[in-house]
Amino acid sequence: MKKYLLSALIFCACILQLSAQQALWGSPQLLSPEIHDNNTVTFRLRAPKAVRVQVTGDFIEPQKITTPGGEYEVPGIAELEEKDGVWEFTTPAPLSPELYSYTFIVDGLKITDSSNVYQLRDVASITNLFIVGGDRADYYKINDVSHGTVAKRWYHSPVLNTDRRMTVYTPAGYETSGKRYPVLYLLHGMGGDENAWSELGRATQILDNMIAKGEIEPMIVVMTNGNVDMDAAPGESSLGFAPPTINLPHTMEGTFETHFPDVVNFIDKNYRTVKSKKGRAIAGLSMGGFHSLHISKQYPDMFDYIGLFSAAILPGDGKAKSEIYDNFDEKLARQFSKNPALYWIAIGSTDFLYPANKEFRQKLDDNGYKYTYYESPEGHIWKNWRIYLTEFLPLLFR
């Protein structure tokens, strides 16, 4: 009897040890999301005690809300129907090729889909994702092509007197080619970090696929952290597991722009780069577009290609006092007197920054400054910024 009891205890201990080491069991039995042959998509959630289940995501017609700050779009919501404890919703129409994100709302509580392990963090929001393939969305997939290398690099900033982290993409073959490569500095929006473009923006997949097709020049891409009070992304820095937030000090007040030559100097020192204006581009979304605008005019001999994706244009009234933003018109005139190879502006027709971009374009028009403009539907969303990247890249370093 003691022998059997001992064996049972050993068996239980092994099971407990295995479960502590790795989650080998408990795989979801529901298929969600299910992408059908006609590109309709079905979402499922097992919640037998729920009273109401909804799904919200960027594939549903957005809702408009009005606030004292203006009118905004938010993701739409659809209702799931219940049968035998399983809630289900199928899109009424096929979805266009795109990378989509979504979450469930169960009796008012927003949760992720337990049947879908693929998730992304955007600031403090966690969502599931899926891809409906075809057309431009195929750039967002990991396809059977040669792949570049993605590295998380720490660098020292003499201006900030601290070590900080960036993400650096080098194209396939970089390690053995011996060649020098042009560099794109790609900047994120408010609340983002050095992981944003490689994860939410699918930048590395886009680069691999477009380079493989010969549609863009092989290039190094540097994705910085635009928050000078964070040395790296949340949970990956000396701040530990601090909650992600957009309410960070020293945001859009000149410090990041002032230190940016430290980034360029580190890349030129540690990578085989084209060390000239013609070999550098800078672009960014929202806050990153703001940074790209002001960095490029502050250092007009540094970048020949500039991309403003849904960019903020000027700091808010009274919010920033920095020489970076002083003499705006004079610095802009100096920049354009040096004939940048490309000044590219893109924004969505319902973006809350559309009026500011329209006013900025009017300034450029009034002064005869040459630029290229791209307008898309919808608003201030990653869908648009991925599109802008695929449109912008083929124009660089030609």
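The values are calculated or read from the model by the stated rules, or taken from the named source; none is laboratory data. It should be emphasised that the depicted structure is a prediction, and the values quoted were computed from it without experimental measurement. Neighbour counts run over all protein chains shown; Cβ positions are idealised from the backbone, glycine included. Surface accessibility is based on the protein's heavy atoms, side chains included, excluding ligands, DNA and RNA. Shrake-Rupley method; radii C 1.70, N 1.55, O 1.52, S 1.80 Å.
Look at segment 239-260: where a residue is of a type in the set (A, V, I, L, M) and a partner is outside any helix (DSSP H, G or I) and surrounded by fewer than 19 Cβ atoms within 10 Å (Cβ to Cβ), sitting 6+ places away or on another chain with Cβ atoms under 7 Å, you get Ile246/Val123; Ile246/Met190; Leu248/Asp229; Met252/Pro315; Met252/Ala320. The set of residues from segment 191-223 being farther than 20 Å from Tyr118 by Cβ, touching a Phe, Trp or Tyr at 6+ places or on another chain (Cβ under 7 Å) and assigned to a loop (DSSP other than H, G, I, E, B) comprises Glu217, Pro218, Met219. Selection of segment 327-362 for residues being closer than 30 Å to Pro62 by Cβ and polar (S, T, N, Q) yields Ser349, Thr350, Asn357, Gln362. In segment 297-318, the residue that is surrounded by the most Cβ atoms within 10 Å (Cβ to Cβ) out of those that are of a type in the set (Ser, Thr, Tyr) and within 24 Å of His380 (Cβ to Cβ) is Ser310.
Listed here are the strands (runs of 3 or more DSSP E) enclosed by segment 98-160 that have at least 2 residues being aliphatic (A, V, I, L, M), over 18 Å from Gln54 (Cα atoms) and under 22 Å from the mean Cα position of the chain (by Cα): 125-132, 149-157. Quick one: count up the residues across segment 356-391 that are open to solvent by 40 Å² or more (accessible area, probe 1.4 Å) and within 23 Å of the chain's Cα centre (by Cα). So the answer is 10. Looking across segment 67-84, the residues that are surrounded by fewer than 17 Cβ atoms within 10 Å (Cβ to Cβ), in contact with a strand residue (DSSP E or B) (Cβ under 8 Å, 6 or more places away or on another chain) and modelled with pLDDT under 95 come down to Glu71, Tyr72, Val74, Gly76. Entry remark, segment 214-238: residues being β-branched (Val, Ile, Thr) and over 21 Å from Gly148 (Cβ atoms) number 1 in total.
Only one residue in Lys321, Lys331 is open to solvent by 20 Å² or more (accessible area, probe 1.4 Å), of a type in the set (Lys, Arg) and either outside any helix (DSSP H, G or I) or without any contact (Cβ under 8 Å) to a residue 24 or more places away in the chain (or both). Which one?
Working: Lys331 fails: either outside any helix (DSSP H, G or I) or without any contact (Cβ under 8 Å) to a residue 24 or more places away in the chain (or both).
Only one candidate passes the filter, namely Lys321.
Take the conditions (1) at pLDDT 95 or above; (2) open to solvent by 70 Å² or more (accessible area, probe 1.4 Å); Asp113 misses just one of them, which is (2).
Would you confirm whether or not segment 380-390 contains a residue that is in a loop (DSSP other than H, G, I, E, B) and in contact with a His (Cβ under 6 Å, 6 or more places away or on another chain)?
At the first step, the residues of segment 380-390 found to be in a loop (DSSP other than H, G, I, E, B) are 380-381.
Cutting the leftovers down to in contact with a His (Cβ under 6 Å, 6 or more places away or on another chain) gives us none.
Within segment 380-390 (the criterion being in a loop (DSSP other than H, G, I, E, B) and in contact with a His (Cβ under 6 Å, 6 or more places away or on another chain)), the answer is no, since none of the residues qualifies.
Just one of (1) more than 23 Å from Trp385 (Cβ to Cβ); (2) out of contact with any Lys or Arg (no Cβ under 7 Å at 6 or more places or on another chain) fails for Glu215. It is (1).
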